[in-house]
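Presented below is the structure to which this report refers.
Every read-out reported here was derived from the displayed coordinates using simple, explicitly stated rules and does not represent laboratory data. Quick caveat, the model's predicted, so the values are computed rather than measured. With ideal geometry, Cβ positions are generated from the backbone for all residues, glycine too; neighbour counts draw on all protein chains shown.
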Amino acid sequence: MDGIEMLKTRRSIRTFAEKKVEDKIIKEIINCARLAPTANNVQPWIFVVVRNKELKNKIAQITGRNGSFISQADVCITIFCDDVKYYLEDGCAATENILLSARYYGLGSCWVAGDKKDYAQEVKKVLNVPENYKLISIIPLGYVEEKVLEQVQNITKKPIEEIMFIDKFDKR
Ligand SMILES: Cc1cc2nc3c(=O)[nH]c(=O)nc-3n(C[C@H](O)[C@H](O)[C@H](O)COP(=O)(O)O)c2cc1C
């Protein structure tokens, strides 16, 4: 799969197949995450990869409507950043790298909100992450049935004509 196809076909996946994701793929995905752009090259992130079933269930329960499907995924990557000036931008860049590289490796994923959520503190506590870190996002990952992949491609996206401007914004 080339880079543009990977990018254009990534969609949020909330239903996963019961198939194990190989450790070496997870490591490659984290490798892609750590190469994301980061303001002043601070790299404030840490990635806690959750494979333990009880812990995944606990996170699914804590995140409620946002992440109830996390329990179904074989792996759940949680992204935290140290509380530096650009923690959110850096953490989001790393998050996107995870979503895209997951797609490259044939995995489905979904960005589950972290920062700004009331449950962020509790997730941090459950995973034993120190106080100075902020939860950026939670990403369940897993293989996907073909029919699920087809269904999610139908999601409506704004047309380019509505959102792209040359030189200056103009009312249309
Ligand atoms: C900052 C952010 C937070 C999100 N939080 C959640 C979430 O908590 N639960 C969820 O199911 N999806 C969440 N999403 C996924 C969006 O719902 C999804 O990206 C959007 O509907 C567009 O669909 P697509 O990813 O398939 O293109 C989040 C996405 C972003 C960027």
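Tabulated data
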| quantity | calculated |
| --- | --- |
| Flag if Val129 is crowded, with 16+ Cβ neighbours inside 10 Å and more than 16 Å from the ligand (Cβ to nearest atom) | yes |
| Only listed residue being within 15 Å of the ligand (Cβ to nearest atom) and farther than 24 Å from Val152 by Cβ, chosen from Ile46, Ile62 | Ile62 |
| Extreme residue, farthest from the chain's Cα centre (by Cα), among residues of the range 103-118 that are within 12 Å of the ligand (Cβ to nearest atom) and buried (at least 19 other Cβ atoms within 10 Å of the Cβ) | Lys117 |
| Qualifying residue in the range 34-41 (condition: within 21 Å of Val129 (Cα to Cα) and small (Gly, Ala, Ser)) | no |
| Residue check, Ser68 within 12 Å of the ligand (Cβ to nearest atom) and surrounded by fewer than 17 Cβ atoms within 10 Å (Cβ to Cβ) | yes |
| Criterion: without any contact (Cβ under 8 Å) to a residue 40 or more places away in the chain and of a type in the set (Asp, Glu) - qualifying residue of Asp115, Asp90 | Asp115 |
| Flag if Thr95 is within 9 Å of the chain's Cα centre (by Cα), within 16 Å of the ligand (Cβ to nearest atom) and part of a helix (DSSP H, G or I) | yes |
| Total residues in the range 1-39, condition basic (Lys, Arg) and away from the ligand (no atom under 16 Å from the Cβ) | 5 |
| Filter pass, Glu54 being among the acidic types (Asp, Glu), within 16 Å of the ligand (Cβ to nearest atom), farther than 16 Å from Val112 by Cα and exposed (fewer than 15 other Cβ atoms within 10 Å of the Cβ) | no |
